[in-house]
Amino acid sequence: MRDFKNLKFEELDDNLEAISENLQSKVKHMIISMGNKSPHVGKNGIYDDMRIDWWTSGFWPGILWIMNDMTGKDIYKNAAWDFDERIEQCFVRESNLHHDVGFQFLPTAVVKYKITGDMDARRRGLNAANFLAGRFNIVGNFLRAWNQDKIGWAIIDSSMNISLLFWAAEEIKDPRFKHIAKAHADTVVRHFIREDGSVCHIGSFDPESGEFIESLGGQGYGPNSAWSRGQSWALYGMANAYKYTGDMKYLRAAQKVAHFFLASLSEDYIPCWDFRVPELQDEPKDTSAAACAASGLLEIAKHLPEEEGRMYISAAKRIIHALTKQYVTWDDMDYEGLLVEGTGNKPNNENVNVSLIYGDYFYVECIAKLLGWENNIF
Ligand code: GLY
């Protein structure tokens, strides 16, 4: 297998097919070695087997569905097939499902339905959308985050989950779901995205009056910092909100966050886990933020005139080039996981410098998009 260590940026386009072939080999190995695990964090080349209700359970099947859609090969479809049913079981037993059902059901039930027409998958996707809609706080105009006692919290991650509501609105031709998604997106624009394009992780609201109280650092360094994966969720999520609504304010919001993200990158194109840690040197990077941002940059470019979109495509390719050269485990077929140097939750010192299944997912998604794959999941 080629390792791409000497790949020049100018050679990326001509090597996308070769990268995709390598990915297929790697993923086939992962199918065999991982069995029916639901991976979240990979350490020393072994992915864990996380609870199926955990927010990351959709990403491995998402990789498999993209591969199936790109190649038509059943090996990927067979390995992905029952994930939506397994996750659905969490609705009928005690579980911790929450705002992240978009991350769980879009890359499983919804894409399965789009690719295969399976009506059980459609029902599961719609059921998850109903659940997400039920988390809407009507006076505060936000989707409630998590299930702990902080009932007035909303988080930037949900910018990605609202695609489930936009899909449901289109699927059953009922705009209620779209209204909720838009109301939440408006709250993101108003309270999460700052004047300079940086974003905070958590917004705290009074759940009774809906009044905005304060921003909180969450998985970022602090209330005024710029958690890099949060930036990625915001730039990709706002681009999606534009895709589903045609409302220019979301595209402009996505661009504003993208500009902050790109201006904050160091020369190697891979972000630190937070752009505003006091000393960048020696702080861990987050390859998952890089991969997600690259895919979001391609989404932004799709909705701009060609000459305005070029910069975003070129930036996405710079990131993908950097990841491909230095951060993908090409040289170890037995290594479960694609990207190294992901950071899950630095403030808690959890999952630092590891493989993260969502980093792997967005890397695969981005390569697929660069090869012309258009059946978007988010
Ligand atoms: N909680 C979602 C994330 O870590 O990005």
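The values are calculated or read from the model by the stated rules, or taken from the named source; none is laboratory data. Since the model is a prediction, treat every value here as computed from it, not as a measurement. Cβ coordinates were reconstructed from backbone atoms using ideal geometry, including for glycine residues, and neighbour counts include every protein chain displayed.
Below, the figures for the structure above:
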item	result
Residues being away from the ligand (no atom under 16 Å from the Cβ) and part of a loop (DSSP other than H, G, I, E, B) - total across region 54-78	2
Residue satisfying all of: in region 201-217; crowded, with 22+ Cβ neighbours inside 10 Å and within 14 Å of the ligand (Cβ to nearest atom); farthest from the chain's Cα centre (by Cα) among these	202
Neighbours by Cβ (under 8 Å, 6+ apart or cross-chain): first from region 342-368, closer than 16 Å to residue 232 by Cα and aromatic (Phe, Trp, Tyr); second outside any helix (DSSP H, G or I) and more than 10 Å from the ligand (Cβ to nearest atom)	363/328; 363/338; 363/339
Residues within region 139-161 that are assigned to a loop (DSSP other than H, G, I, E, B), touching a residue at least 12 places away in the same chain (Cβ under 8 Å) and not basic (Lys, Arg), tallied	10
Qualifying residue in region 269-276 (condition: in contact with a helix residue (DSSP H, G or I) (Cβ under 6 Å, 6 or more places away or on another chain), of a type in the set (D, E, K, R) and not in a strand (DSSP E or B))	no
Pairs, first small (Gly, Ala, Ser) in region 33-57, second surrounded by fewer than 15 Cβ atoms within 10 Å (Cβ to Cβ) and at pLDDT below 95, C-beta under 9 Å, six or more apart	33/334; 45/332; 45/334
Meets criteria (under 21 Å from residue 67 (Cα atoms), in contact with a Lys or Arg (Cβ under 9 Å, 6 or more places away or on another chain) and either free of Cβ contacts under 8 Å to residues at least 60 places away in the same chain or not in a loop (DSSP other than H, G, I, E, B) (or both)) for residue 16	no
Qualifying residues in region 125-156 (those that are within 15 Å of the ligand (Cβ to nearest atom) and in contact with a His (Cβ under 7 Å, 6 or more places away or on another chain)) - the one nearest to residue 188 (Cα to Cα)	156
Some residue of region 314-328 being away from the ligand (no atom under 16 Å from the Cβ) and assigned to a loop (DSSP other than H, G, I, E, B)	yes
Breaking point among (1) more than 17 Å from the chain's Cα centre (by Cα); (2) under 20 Å from residue 222 (Cα atoms), for residue 233	(1)
